[in-house]
Number of protein chains: 2
Amino acid sequence: MTNTSRGCTIWFTGLSGAGKSTITEHLVPLLKARGSKIEVLDGDVVRTNLSKGLGFSKEDRDTNIRRIGFVCHLLSRNGVVAIAAAISPYKAIRNENRALIKDFVEVYVKVSLETCIKRDVKGLYKKALAGEIKEFTGVSDPYEPPENPEVICETEKETPIESAQKIVRKLEELGYLIPLAPVGSDGKYAAPEQLTALAA
Amino acid sequence: MTNTSRGCTIWFTGLSGAGKSTITEHLVPLLKARGSKIEVLDGDVVRTNLSKGLGFSKEDRDTNIRRIGFVCHLLSRNGVVAIAAAISPYKAIRNENRALIKDFVEVYVKVSLETCIKRDVKGLYKKALAGEIKEFTGVSDPYEPPENPEVICETEKETPIESAQKIVRKLEELGYLIPLAPVGSDGKYAAPEQLTALAA
């Protein structure tokens, strides 16, 4: 399949439980339908393969996020769409990565802390609120939202597939992705919704 | 320029001062002349960007080498020729990376410890022999040579460019690299020596 994308980094940021991984799960098949080369660096992959031994202090978090940024940088500049799906709470380090990578698409997964606490998929907020987990983002450690993210996904108002399609549209707009093929006799390109159907 | 190479990892191993970086410097332009996408992960790049905080204990060395292997794996499977140029002293971890990466070309830079001590480009052997550096490979920490490396570069007997050409030939033999273009009216392909001239 022809690769119709250009290397870039899709950099998610948002609270634990905001929906970063769920949106990623919906985004990946959409990108695959375009022939993109994709690598996902989510929290688990990174903690296992890049950041074993790092804790959750500010310094260790910064090292972790810089390291993910370095790997995304190597991948992006070789034509891969690298997806980083870590909490990435601090603005300064995200902006450092933006400066390094350049082809950087920041996706803010916006959701209220209350909703995250209510969802609490992994049971982590309960533990954090009980003081059993220290330095937990949003509870006992700060989260700094981005000021000018390329995309905002509001997971209290939109479905994961709508969020994923929003990202695809932005990638098209920024020139990182061109549609797969003209659809129909009018010669118009496939819309993200049609590609969702193709990828299903 | 057409990319005439397939993703793989060129995994150097050898004592400090064996010539890994020097051969890499000669290899990179040869690969560039073929349009390869290349990333070099040498000791410095890795210590700065991937392994800050790790020391030289067996455990930390293993973590370091596994981490380089993980990044080479991501790059190789996306069509990049990843070059790892670390000492990489332990056989077991190299073989772990071989199993992970699969497209793995091990290059043993073979040289006697005596020659390394004589060269001592960075003055590290002097310090290690004086006991000022602990856990120094070849002096106070083991080096386990590979049993079946794809390439052996004997830097006491051959020039760095000869070593680099040897690697290029092996990459061709293994199908990771095809020659740039036929040369001459006989339709034969360019030999590594001719490419050296092109890259100069």
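Do we find a residue being of a type in the set (A, V, I, L, M), out of contact with any Phe, Trp or Tyr (no Cβ under 7 Å at 6 or more places or on another chain) and within 14 Å of chain B (Cβ to nearest Cβ) anywhere in region A:94-108? Within region A:94-108 (the criterion being of a type in the set (A, V, I, L, M), out of contact with any Phe, Trp or Tyr (no Cβ under 7 Å at 6 or more places or on another chain) and within 14 Å of chain B (Cβ to nearest Cβ)), the answer is yes, since at least one residue qualifies.
Out of B:75, B:41, one residue alone is in contact (Cβ under 8 Å) with a residue 40 or more places away in the chain, part of a helix (DSSP H, G or I), at the interface with chain A (Cβ under 10 Å from one of its Cβ atoms) and under 24 Å from residue A:37 (Cβ atoms). It is B:75. With respect to the conditions (1) without any contact (Cβ under 8 Å) to a residue 40 or more places away in the chain; (2) part of a helix (DSSP H, G or I); (3) more than 17 Å from the chain's Cα centre (by Cα), residue A:51 lacks only one, and its number is (2).
Taking the criterion of being crowded, with 18+ Cβ neighbours inside 10 Å and part of a loop (DSSP other than H, G, I, E, B), the residues of region B:91-135 that qualify are B:103, B:111.
For (1) charged (D, E, K, R); (2) in contact with a helix residue (DSSP H, G or I) (Cβ under 9 Å, 6 or more places away or on another chain), each residue gets a yes or a no:
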| residue | (1), (2) |
| --- | --- |
| A:87 | no, yes |
| A:97 | no, yes |
| A:108 | no, no |
| A:111 | no, yes |
| A:123 | no, no |
| A:135 | yes, yes |
| A:141 | yes, yes |
| A:147 | yes, yes |
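On the stretch given as region B:1-11, residues that are of a type in the set (S, T, N, Q), under 18 Å from residue B:105 (Cβ atoms) and assigned to a loop (DSSP other than H, G, I, E, B) total 2. Of the residues making up region B:44-72, just one is among the polar types (S, T, N, Q), more than 10 Å from chain A (Cβ to nearest Cβ) and over 18 Å from residue B:9 (Cβ atoms), namely B:57. Of the residues making up region A:144-152, one or more are assigned to a loop (DSSP other than H, G, I, E, B), in contact with a Leu (Cβ under 8 Å, 6 or more places away or on another chain) and surrounded by 14 or more Cβ atoms within 10 Å (Cβ to Cβ).
Per-residue answers, yes or no, for (1) modelled with pLDDT under 90; (2) over 15 Å from residue A:105 (Cα atoms); (3) crowded, with 24+ Cβ neighbours inside 10 Å:
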position: A:13; (1), (2), (3): no, no, yes
position: A:27; (1), (2), (3): no, no, yes
position: A:45; (1), (2), (3): yes, yes, no
position: A:64; (1), (2), (3): no, yes, no
position: A:69; (1), (2), (3): no, no, yes
position: A:72; (1), (2), (3): no, no, yes
position: A:77; (1), (2), (3): no, no, no
position: A:80; (1), (2), (3): no, no, yes
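At pLDDT below 95, assigned to a helix (DSSP H, G or I) and surrounded by fewer than 20 Cβ atoms within 10 Å (Cβ to Cβ) - does that describe any residue in region B:176-190? So far as region B:176-190 goes, no, none of its residues is at pLDDT below 95, assigned to a helix (DSSP H, G or I) and surrounded by fewer than 20 Cβ atoms within 10 Å (Cβ to Cβ).
The values are calculated or read from the model by the stated rules, or taken from the named source; none is laboratory data. For clarity, every value in this text was computed on a predicted model and none was experimentally measured. Glycine also receives a Cβ, built like all others from the backbone with ideal geometry; neighbour counts cover every protein chain displayed.
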